[in-house]
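Let me begin by presenting the structure, written as structure tokens, before commenting on it.
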Amino acid sequence: MAAVALPLQANIMGPPPADPQLVAPEPEHCPGPSSDLAGKGDACAGCPNQQICATAPKGPDPDLPLINARMSTIAHKLLIISGKGGVGKSTFTSMLAHAFAQSPSTQVGVCDIDICGPSIPRMMGALGESIHSSSSGWSPVYVADNLGVMSIQFMLPGKDDAIIWRGPKKNGLIKQFLKDVEWGVLDWLLVDTPPGTSDEHLSVCGYLKGTGVDGAVVVTTPQEVALLDVRKEIDFCRKAGIEVLGVVENMSGFVCPNCEGESQIFHATTGGARALCKEMNIPFLGAVPLDPRIGVACDYGESFFDAYPESPACEGLMGIIGKLREGMGLPPLESEGVEEEEEEEEE
Amino acid sequence: MLETIPHVILVLSGKGGVGKSSVTVQLALSLVRAGKRVGVLDVDLTGPNIPRMFNVEDEKIRQAPGGWVPVRVGEREEGQEDTRIQLMSLGFLLKDRGDSVVWRGPKKTAMVRQFVTDVLWEDVEYLLIDTPPGTSDEHISLAEQLRNVNPDGAVIVTTPQAISTADVRKELNFCKKVGINVLGVVENMSGFVCPHCSECTNVFSSGGGLVMANEFGVEFLGKVPIDPAFNMMIESQGSWEGKGGLVQRYGDSQLCGVFKGITERLVVKVSPPEKGRDEKALSDVSGLN
């Protein structure tokens, strides 16, 4: 199958495909141009779009069955979320992906839905790659034989280009990532998200709802300013009906490379993630200490796992993965291949 | 409403968690220490941190004829002018601090508009606007709303590592596209001094902000080291007894000196000697014609 470079750049600059073409921005209390109430809600009175919305096709999104079909070959889907930015969502996602992909029989996919600040390509060492498309869809960029990545960064003409998009365009692209990307048969799909509780989160939860998401892993740092936003994210998950599989505390403690003295860079003045988990009654998966080499490995796109297997951060991460698998009812990492085969037979 | 405020400064970053809010807070404290009257507007709608950082999480916004009254922090001395910092944040409108605000774009846009037009800032000289990460709804709306206000420009915050500057470069391009003047770049979390051996470790590497500023031809305002003591100071505000609020206490922080320099550079930049002001006035007049 010959891969043809598709004019994706033109594609991403266009309007989102599914929503009706609006002639004016949506009003404040817009029920959503593709919702059942479109054109009929109180907020629609006087809106220049009213006629367009009222006559647009209604009912469930016609693309949902397509998304379901794409996702049906993926065994486990995980969301990596946090209300706070810069806590290490992407770092954790890429480390998790590398850890899972260590077993050659495990197929892993990473979908980066952070549209305005995509970090995954750089961390995975795939900066400068571009996406190819064929008749069956967009192929992800493979950083290893069993590790595929999809991000908007691959579609930008220049690496510093800003994506200045409002919500509906972001939603359109996220839908395409789920509908048009040829993920194939995967054991794991890790979805890396932007900070906050807004369009991207609502969309990805909405699109994946019918496909059976295993749940969300929440990443935080120990200080209360971060936990404050993470509380909101957990509240969002509860509202959206996404199970919280657990909380990971990143950048927890720092060991000075000079004197080996430990200190807290981000003080857990309110008890950190442990106390939060207790308070909100969700599992605490573990803590990853701050290792300056992690940041360097991310900047150069190396797998931290392969480069510094002796780091305490790797140890912390393996503990987290163990707990995560236990919580999901899966056996420890080593026996993965056997278990997956059995599962496929059952299906 | 903002038209009457002489200096409007945005604090932006493409990356989350680099310290936009803590830079905003420290700029505000430094400006107050320099005798200015300061307002802080927090337009991070889904993750408002400003109330926590000033220890006013329980405060609520009051409605007055003509708009919303901002929350004030600091101490007011009897008979003196009211120089307290004025704050506005979505955090003051939430019922519970753990409540999430799950809004799509149009609602966020409406909220930003309301924040820009309906807040009764009283005699503020410097208004600092803290923003969420990214280049999306909040930022586009803010740029649109501020068009008539003629803001001084934006302070861009980054951390030194490439992962962070990569996103911040996008923000610089965003500023260029929407016509927001970039006042300068602050490199935050640049180095950590071990409290045990005083050895400085570049936890998130170092120098990335300076390189980026040079590449884009914008001013580099300064490097700010990681200081856990500042974080502790912010977090322990509730337990302080007696006199001495955050503004006074900040004077003891080692970051105070760092920000003093940054703030001075910024103040010079936004209000150059009299000649510059005349030019601005002239351009305002010519804008009318």
Qualifying positions in region B:220-260 - touching a Gly at 6+ places or on another chain (Cβ under 6 Å) and either exposed (fewer than 14 other Cβ atoms within 10 Å of the Cβ) or within 14 Å of another protein chain (Cβ to nearest Cβ) (or both): B:PRO225
Search result, residues across region B:50-66 that are in contact (Cβ under 8 Å) with a residue 60 or more places away in the chain and either in a loop (DSSP other than H, G, I, E, B) or touching a strand residue (DSSP E or B) at 6+ places or on another chain (Cβ under 6 Å) (or both): B:ILE50, B:PHE54, B:ASN55
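Looking at this structure, is A:VAL87 hydrophobic (A, V, I, L, M, F, W, C) and either over 20 Å from A:VAL185 (Cβ atoms) or under 11 Å from the mean Cα position of the chain (by Cα) (or both)?
Numbers: hydrophobic (A, V, I, L, M, F, W, C): yes; either over 20 Å from A:VAL185 (Cβ atoms) or under 11 Å from the mean Cα position of the chain (by Cα) (or both): yes.
The answer is yes for A:VAL87.
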Is there a residue in region A:75-95 that is farther than 17 Å from A:VAL213 by Cα, more than 14 Å from chain B (Cβ to nearest Cβ) and in contact with a Phe, Trp or Tyr (Cβ under 6 Å, 6 or more places away or on another chain)? no
How many of the residues making up region A:152-171 are of a type outside the set (Lys, Arg) and either surrounded by fewer than 19 Cβ atoms within 10 Å (Cβ to Cβ) or out of contact with any Pro (no Cβ under 7 Å at 6 or more places or on another chain) (or both)? 11
Checking B:ASP130 against (1) away from chain A (no Cβ under 12 Å); (2) surrounded by fewer than 24 Cβ atoms within 10 Å (Cβ to Cβ); (3) under 20 Å from B:GLY16 (Cβ atoms), only one condition comes out false. Which one? (2)
Looking at region A:120-164 only, could you name the residues that are more than 14 Å from chain B (Cβ to nearest Cβ) and polar (S, T, N, Q)? A:SER130, A:SER133, A:SER134, A:SER135, A:SER136, A:SER139, A:ASN146
Scan region A:277-301 residue by residue and report those that are surrounded by 18 or more Cβ atoms within 10 Å (Cβ to Cβ), more than 10 Å from chain B (Cβ to nearest Cβ) and not in a loop (DSSP other than H, G, I, E, B). A:CYS277, A:PHE284, A:LEU285, A:GLY286, A:ALA287, A:VAL288, A:PRO289, A:ALA297
Conditions (1) within 13 Å of chain A (Cβ to nearest Cβ); (2) in a helix (DSSP H, G or I) -> B:ARG147 fails only (1)
Of the numbered conditions (1) within 14 Å of another protein chain (Cβ to nearest Cβ); (2) in contact with a strand residue (DSSP E or B) (Cβ under 7 Å, 6 or more places away or on another chain); (3) more than 25 Å from A:PRO312 (Cβ to Cβ), A:CYS116 satisfies every one except a single condition; which is it? (2)
What's the number of the condition A:GLU200 fails, among (1) over 23 Å from A:SER105 (Cα atoms); (2) away from chain B (no Cβ under 12 Å); (3) touching a residue at least 40 places away in the same chain (Cβ under 8 Å); (4) among the charged types (D, E, K, R)? (2)
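Against the definition (under 16 Å from the mean Cα position of the chain (by Cα), surrounded by fewer than 19 Cβ atoms within 10 Å (Cβ to Cβ) and either over 22 Å from B:PRO51 (Cβ atoms) or of a type outside the set (A, V, I, L, M) (or both)), how does B:ASN214 come out, yes or no? Break it down stepwise before answering.
Details: under 16 Å from the mean Cα position of the chain (by Cα): no; surrounded by fewer than 19 Cβ atoms within 10 Å (Cβ to Cβ): yes; either over 22 Å from B:PRO51 (Cβ atoms) or of a type outside the set (A, V, I, L, M) (or both): yes.
Spelling it out, it is not the case that B:ASN214 is under 16 Å from the mean Cα position of the chain (by Cα), surrounded by fewer than 19 Cβ atoms within 10 Å (Cβ to Cβ) and either over 22 Å from B:PRO51 (Cβ atoms) or of a type outside the set (A, V, I, L, M) (or both).
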The listed residue being away from chain B (no Cβ under 11 Å) and free of Cβ contacts under 8 Å to residues at least 40 places away in the same chain, out of A:GLY246, A:GLY261, A:GLY210, A:GLY253: A:GLY253
Unique match (being away from chain B (no Cβ under 14 Å) and modelled with pLDDT under 75) among A:ASP19, A:ASP63, A:ASP36, A:ASP42: A:ASP36
A:ILE67 fails exactly one of (1) touching a Phe, Trp or Tyr at 6+ places or on another chain (Cβ under 9 Å); (2) farther than 22 Å from A:GLY319 by Cα; (3) assigned to a loop (DSSP other than H, G, I, E, B), namely (3)
Hey, can you tell me all the residues within region B:97-129 that are in contact with a strand residue (DSSP E or B) (Cβ under 8 Å, 6 or more places away or on another chain) and not in a helix (DSSP H, G or I)? B:ASP118, B:VAL119, B:LEU120, B:TRP121, B:GLU122, B:VAL124, B:GLU125, B:TYR126, B:LEU127, B:LEU128, B:ILE129
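How many residues, within region B:184-209, are surrounded by 22 or more Cβ atoms within 10 Å (Cβ to Cβ) and over 25 Å from B:GLY153 (Cα atoms)? Explain how you work it out, then say what you get.
In the first step, residues of region B:184-209 are kept if they are surrounded by 22 or more Cβ atoms within 10 Å (Cβ to Cβ); the result is B:185-190, B:192, B:203-204, B:208-209.
Cutting the leftovers down to over 25 Å from B:GLY153 (Cα atoms) gives us B:192, B:203-204.
Qualifying residue count for the region: 3.
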Inside region A:213-226, the number of residues satisfying the requirement of being over 18 Å from A:ILE320 (Cβ atoms) and either crowded, with 24+ Cβ neighbours inside 10 Å or facing chain B (nearest Cβ under 8 Å) (or both) is 3
In region A:121-151, which residues are of a type in the set (Ser, Thr, Tyr) and buried (at least 18 other Cβ atoms within 10 Å of the Cβ)? A:SER133, A:SER139, A:SER151
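Specify which of the listed residues (B:SER136, B:SER164) is at the interface with another protein chain (Cβ under 8 Å from one of its Cβ atoms), surrounded by 24 or more Cβ atoms within 10 Å (Cβ to Cβ) and modelled with pLDDT of 95 or more.
Details: B:SER136 fails: modelled with pLDDT of 95 or more.
Step by step, each of B:SER136, B:SER164 is checked, and only B:SER164 is at the interface with another protein chain (Cβ under 8 Å from one of its Cβ atoms), surrounded by 24 or more Cβ atoms within 10 Å (Cβ to Cβ) and modelled with pLDDT of 95 or more.
The values are calculated or read from the model by the stated rules, or taken from the named source; none is laboratory data. Everything numeric here is computed off the predicted structure, so don't read it as measured data. Every residue, glycine as well, gets a Cβ built from its backbone with ideal geometry; the counts of neighbours run over all protein chains shown.
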